[in-house]
């Protein structure tokens, strides 16, 4: 499997993904710098977390205008799986590869904690009770128009929902797919839930592995 990770000024989770893919799945990921167009020659693309361009204007707004996004849109048009994590989710929304937008958390504070999640839409029943992943964001409050929400619900695109909404997100949306289910964005960080952590008992379950296994199934779909 050939994987690629887009990187921007301010990305800070790209190396986490490189390490996770190599250590856990023996997948070598290529880093793609934001100023360059690229050939759509990979099996899956990731847009990592961080603070691209320092979150100036809006989170993800400047990154969505980068040259690499033209190639990513081409990858989306070809049906390649694309996964945006945290800031990557924000970028995908700003690039109109996903509906809606991510705005300031309802409490106007940065949230850094493990959150309970459940599969919904096409992923209903995929994850066990007690499933959880860590979040770390100040702008994770998903919003969209009433028409977009109806389409999301009718089409089963709200793949991950919070069991206890931490940020005010519409319909408790933590993870969202495009209409064809090939582009996926989520605020939680599955790459941070692959190893046991001494300060989080829930990490013993290594729930991030369930997410990546589901994502990798898209490559052969």
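Structure notes:
- Screening region 70-88 for residues that are assigned to a helix (DSSP H, G or I) and without any contact (Cβ under 8 Å) to a residue 40 or more places away in the chain and picking the one that is farthest from residue 44 (Cα to Cα) gives 70.
- Residue list for region 8-18, filter: touching a residue at least 40 places away in the same chain (Cβ under 8 Å) and surrounded by fewer than 22 Cβ atoms within 10 Å (Cβ to Cβ): 9, 10, 16
- Identity of the residue in region 98-118, in contact with a helix residue (DSSP H, G or I) (Cβ under 8 Å, 6 or more places away or on another chain) and closer than 19 Å to residue 171 by Cβ, that ends up surrounded by the fewest Cβ atoms within 10 Å (Cβ to Cβ): 101
- Scanning region 1-30 for residues that are outside any loop (DSSP other than H, G, I, E, B), farther than 18 Å from residue 208 by Cα and over 17 Å from the mean Cα position of the chain (by Cα) turns up just one, 30.
- For the criterion of being out of contact with any helix residue (DSSP H, G or I) (no Cβ under 7 Å at 6 or more places or on another chain), over 18 Å from residue 189 (Cα atoms) and surrounded by 17 or more Cβ atoms within 10 Å (Cβ to Cβ), residue 121 passes.
Bear in mind that the values in this text are calculations on the coordinates, not laboratory data. Nothing here was measured: the structure is a model prediction, and the numbers come from that model. Cβ atoms come from the backbone with ideal geometry, glycine included; neighbour counts cover every protein chain shown.
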